[in-house]
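Okay, structure first, notes after.
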Amino acid sequence: MKKWTFLILCVLLSTGGVLAQLAQNAGGTLVSLLPDGVTANIETTQKKTKAKNLVVAGEVSKGYKAFFAASDATHGEELWVTDGTTAGTRLVKDIKPGGAGSDINWIARFNDKVVFAADDGTNGMELWISDGTGDGTYLVKAIHELGDGSNPNAFTQINETQFVFRARNIDSEVLESGSAAGAQQYWLWISDGTEAGTELLYDCDTRWTGQDAGTYHYHWMRVGRKVFFKADFKEGILKGEELWVTDGTRAGTRMVKDINWEVMNPTTPGDGKTRNSAIDQMVNFYNEKLFFKAWTPDTGNEPWASDGTEEGTYMISDTDPTKNDAGIGNGGNVTEVAQYPYDGKVYGRGWYTENGTIHLGATNLNKDDFTVLIVNKTPFSETTERNAWPDPGVTFDGVYMFCAMSGNNTALDYNKGGELHYTDGTNIYVQSDLGPGAAGSNWLKELTVSGGSAYWWTENAPNSGQLQKLFRINNKEQFPVQVSDFDPAGDKIHTLRNLGGSLIFARGTTTENLGLYCYNYHKEGYDGKTDAGDMDIEYRTRAEIPNSIKSVSASVKFTIFPNPATDKFSFNVEGKVIDVKIYDLTGRLVKTELQPAGNSINVSSLQKGIYQVLITSEKNNYNSSLIIK
């Protein structure tokens with residue numbers, strides 16, 4: 001018998017009143033970025049991965065910039081970049097000269113650069129890379145030799161210097177045997193951003209698009225320095241679409257586990273004709289494990305976890321053990337999962353077996369550990385038959401913020417419709433009733449943390465008139481502040497991104513993109529660290545993060561010269577140098593040099609301050625303090 005914990009709602013309705021008149025964009029500055037005659041081509045969906053996207057790249061030492069596709073009458077659709085200012089928004093390169101454009105697709109971050117697919121008119125849709133300059137934007141490799149393009153996508157950074165992706169080549173299109181003979185497949189590739197460093201990694205039939213409409217984040221997921229992805233063997237329907245993993249080597253690329261090992265007809269189990277296990281909702285659990293959703297005929301869709309080994313891949317909990325008339329498991333589904341864990345747990349929609357409703361589920365990925373927090377239940381109402389439908393949330397001000405339905409019964413004062421909530425992991429609170437009353441549901445979309453504040457746009461608020469407006473809060477109890485007011489009929493805001501402490505977003509529809517904007521605001525007393533938002537790539541586990549500076553201190557001392565330094569420093573250590581890592585005083589890794597050619601490191605990109613330098617050689621670890629002036 002599984003142990004379930006049902007937590008009772010504590011309703012805490014923040015004080016506040018009618019929104020004050022919008023003045024100077026609520027204390028910040030709203031900047032229109034696009035020149036006249038330029039239209040941003042950005043899909044309106046809430047997904048973090050989409051063909052036409054807005055992608056932020058950079059690092060703490062160099063700053064951040066956002067890349068996107070945009071069109072004008074002269075160049076057609078090409079790659080553009082912005083630093084969040086009108087003057088710093090420009091065409092990167094005219095990849096396909098003329099008005100037709102190069103059809104920019106699948107932009108993805110690769111450290112301070114982006115990789116993407118583009119058609120230069122000669123090679124077809126192929127792999128490109130850009131650092132935001134014309135000279136630094138180039139074709140990486142023409143993978144498909146016939147010139148009609150390899151259509152690369154699924155770009156996923158795997159470690160500090162490489163990314164994996166899927167693409168087609170001639171061999172993947174002309175399979176000579178098996179059930180997939182003659183089928184067009186996309187095999188797994190790896191690249192360091194150079195032609196010589198781009199190669200076929202494994203000839204398996206990779207899959208990209210998600211099973212679930214509610215997959216808002218990524219269909220492949222890096223965990224530490226491994227990438228989990230979905231694939232079948234190239235022979236076709238050998239194991240069905242299953243969970244695979246790669247460490248960037250062919251020997252380290254494999255199917256993790258044949259999760260769905262029975263056919264859908266339960267009367268003929270185990271006949272070898274395995275089927276799709278519907279892998280989706282992937283979350284990187286602190287670089288330790290992968291959280292994901294998977295389907296089997298016995299259980300239906302349920303939460304799973306994996307450490308990349310078959311024995312370490314398991315169903316967390318059978319949250320809905322019931323079956324349909326055909327004997328197939330109904331499953332608790334597990335959708336709308338948050339991109340990052342909060343306080344040691346992954347949050348998403350969970351199945352409440354007592355009455356068959358959907359509320360806020362949480363798990364620490366241990367087997368049989370799945371908790372349901374009831375959103376619209378109070379001490380005065382012991383049962384509920386209403387779904388809460390919680391949407392993906394974010395960590396902000398020490399709590400987990402999310403949108404959910406607390407009920408639409410006007411006779412019950414704790415029913416507020418769809419509104420912003422938060423939880424500390426024990427109780428759930430209504431953050432604000434922006435659409436007043438049970439009938440004034442005000443669904444929040446794309447919760448995004450940036451520069452010490454949390455932002456979102458409103459989907460519907462018919463009683464408040466706040467249709468698709470941009471809002472902000474500075475702490476978990478502040479009544480929301482309206483930031484945008486473009487159009488009384490609705491601002492059509494979408495694709496919110498954190499641009500190094502400023503908020504960048506698009507406005508418009510897929511057929512009429514009206515523009516790209518940057519909102520610059522920092523709350524009073526903001527320290528630049530707390531609630532800074534998701535910016536830098538992290539490879540360390542929870543156990544490694546607190547000890548990063550301690551591990552430096554435990555190494556052999558050595559001398560850096562000059563110290564203080566301005567542009568570069570030099571050193572002498574024993575043994576061949578494997579890498580040089582530089583940490584700031586918070587323990588954050590700000591620079592890495594792998595196998596440096598000499599004994600000199602360029603630090604001109606780092607800000608003034610005090611750092612710790614860790615050098616790993618074949619003989620020892622060496623550390624020293626470094627001052628940059």
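The values are calculated or read from the model by the stated rules, or taken from the named source; none is laboratory data. No experiment lies behind these values; they were computed from the predicted model shown. Neighbour counts are summed over all protein chains in view; Cβ atoms, including those assigned to glycine, are modelled from backbone coordinates with ideal geometry. Surface areas here come from the heavy atoms of the whole protein model, side chains and all, with no ligands, DNA or RNA. Shrake-Rupley method; radii C 1.70, N 1.55, O 1.52, S 1.80 Å.
Put simply, the C-alpha atoms of region 294-398 give a gyration tensor, and the ellipsoid matching it has half-axes of 23, 21, 10 Å, longest first.
Pairs of Cα atoms nearer than 8 Å and 6+ residues apart set the relative contact order; for the chain it is 11 percent.
If the only charges are +1 at each Lys and Arg Cβ and -1 at each Asp and Glu Cβ, what is the size of the charge dipole of the chain around the Cα centre, to the nearest 20 debye?
Numbers: 58 positive and 78 negative charges, 302 e Å.
For the chain, the charge dipole is close to 1460 debye.
Note on region 296-379: with charges restricted to the Cβ of Lys and Arg (+1) and Asp and Glu (-1), its dipole about the Cα centre is near 360 debye. Across region 57-181, Cα pairs under 8 Å and at least six residues apart give a relative contact order of 16 percent.
Any of K52/K113; K65/K591; K93/K581; K239/K293; K230/K345 with alpha carbons more than 28 Å apart? Name them for me. Show your work: numbers first, answer last.
Numbers: K52/K113 17 Å; K65/K591 18 Å; K93/K581 33 Å; K239/K293 18 Å; K230/K345 24 Å.
With Cα atoms farther than 28 Å apart: K93/K581.
When both bridge partners sit in the chain, DSSP labels roughly 95% of those beta bridges antiparallel. F285 exposes around 10 Å² of accessible area when a 1.4 Å probe is run over every protein chain in place. Take 121-134, 336-349, 519-532 and order them by the average number of nearby Cβ atoms within 10 Å per residue, most first; the result is 336-349, 121-134, 519-532. Evaluated with a Cβ-only charge set (Lys, Arg +1; Asp, Glu -1), region 36-89 carries a dipole of roughly 340 debye about its Cα centre, given to the nearest 20. Between beta-carbons, use under 13 Å as the cut-off and find the net charge around G193, counting Lys and Arg +1, Asp and Glu -1. With Lys, Arg at +1 and Asp, Glu at -1, the net is -3. Building the convex hull from the alpha-carbon atoms of region 41-90 and averaging its projection over directions returns 4.3 nm².
Kirkwood Rh over alpha-carbon pairs of region 139-227, then Stokes-Einstein at 20 °C and 1.002 mPa s: what D in µm² s⁻¹, rounded to an integer? Don't skip to the end; give the middle numbers.
Details: Rh = 14.1 Å.
Result for D is 152 µm²/s.
The calculated Kirkwood hydrodynamic radius for region 557-624 is 12.1 Å, given to one decimal from all distinct C-alpha pairs. For region 145-161, the residues whose backbone nitrogen is under 14 Å from a point 7 Å from the Cα of R225, taken along Cα to Cβ, are 158-161. Expressed per residue, the C-alpha convex hull volume of the chain stands at 175 Å³. Considering helices alone, the calculated mean residue ellipticity of the chain at 222 nm is -500 deg cm²/dmol, with DSSP H runs of length four and up weighted by -39500 (n - 2.57) and normalised per residue.
Take every pair of alpha-carbon atoms less than 8 Å apart whose residues are at least six positions apart; their mean separation over the length of region 114-202 yields a relative contact order of 20 percent. Charged neighbours of D307, selected by a Cβ distance under 15 Å, balance to +4 (K, R count +1; D, E count -1).
Toward the positive end of the charge dipole of the chain, with +1 on the Cβ of Lys and Arg and -1 on the Cβ of Asp and Glu, the farthest Cα among F561, S191, I493 is that of F561.
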